[in-house]
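The values are calculated or read from the model by the stated rules, or taken from the named source; none is laboratory data. Computed from a predicted structure; not experimentally measured. Glycine gets a Cβ as well: all are built from the backbone with ideal geometry, and neighbour counts include every protein chain shown.
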Amino acid sequence: MPDAPVPAPDPVADAADLAADMRATVAFLLEADRLKGVERRNWLADGSRRENTAEHSWHLGIAAMVMAPFASEPIDVGRAVCMALVHDIVEIDAGDTFAYDQFDADVAAAKVAAENRAADRLFGVLPPAVGAHFRELWDDYERGDTPEARFVMAVDRSAPMLLNITEGGSAWREHGITRAKVIARNGVHVQPALPLLWAELLARLDTRVAEGAIPAE
């Protein structure tokens, strides 16, 4: 018995699907624009104002490109850059949780729950295949169990550390953050993935501590 013929594509239906995907993609781009309005705690390096999460995500994408040669394990740079750009989109809904508040288990658990709800909604705005790809990148980052995720996590921890050190530590002083807390939160991620960067950050941090800008303990 001959195989049933494969139905010919319906150009009208295909055009309708593409139009729907375009509307969904534009809707997502407008959602993503809202990231520019999510204010973070740290200041820009020049101290002129606080950073927003869109700027942070862009900075991480650039950092992923320029720091890739220093990574301690081989990484897919393109995937790492995409992961860096996607990793904080959930803050559109969940907002920014101050990094050092996450030492509190209840705060950390609430953050995870809020960000998972945000991921469900925001990535669900996209056409299904693209939304699934974005969600997979975000889940990979959150698990932290691939070379790219470990690398992006290191870059993510190092970028605000560098800005805080360069600006003079205003946000850290405001919240009682010491050298010891900075090292406890960031070293475990940055040092294994980007050891030369960690050495540079520590040297800069210790200069600020010696100047009295950041308390040691």
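Descriptive notes on the structure:
- Any hit, the range 174-193, residues being at pLDDT 95 or above and in contact with a Gly (Cβ under 6 Å, 6 or more places away or on another chain): no
- Residue tally, condition within 16 Å of the chain's Cα centre (by Cα) and buried (at least 18 other Cβ atoms within 10 Å of the Cβ), over the range 126-170: 21
- Taking every residue in the range 71-91 that is closer than 18 Å to Lys36 by Cα and pairing it with any residue that is modelled with pLDDT of 95 or more and in a loop (DSSP other than H, G, I, E, B), at least 6 positions away or on another chain, the pairs with Cβ-Cβ distances below 9 Å are Asp88/Val38; Glu91/Val38.
- Residue-level analysis places Arg135 outside the set of residues that are part of a helix (DSSP H, G or I) and under 22 Å from Arg40 (Cβ atoms).
- Taking the range 171-211 as the range and being in contact (Cβ under 8 Å) with a residue 60 or more places away in the chain and buried (at least 16 other Cβ atoms within 10 Å of the Cβ) as the test, the residues that pass are Ala171, Ile177, Lys181, Arg185, Ala193, Leu194, Leu197.
- Residues (charged (D, E, K, R) and either out of contact with any helix residue (DSSP H, G or I) (no Cβ under 7 Å at 6 or more places or on another chain) or closer than 23 Å to Arg23 by Cβ (or both)) located in the range 118-152: Asp120, Arg121, Arg135, Glu136, Asp139, Glu142, Asp145
- Check on Arg143, within 24 Å of Gly78 (Cα to Cα) and of a type in the set (Lys, Arg): yes
- Out of Phe123, Phe134, Phe151, sole residue that is under 26 Å from Ala199 (Cβ atoms) and among the aromatic types (Phe, Trp, Tyr): Phe151
- Selection within the range 92-148: residues that are modelled with pLDDT under 95 and of a type in the set (Ser, Thr, Tyr). The member of this set that is farthest from Glu55 (Cα to Cα) is Tyr100.
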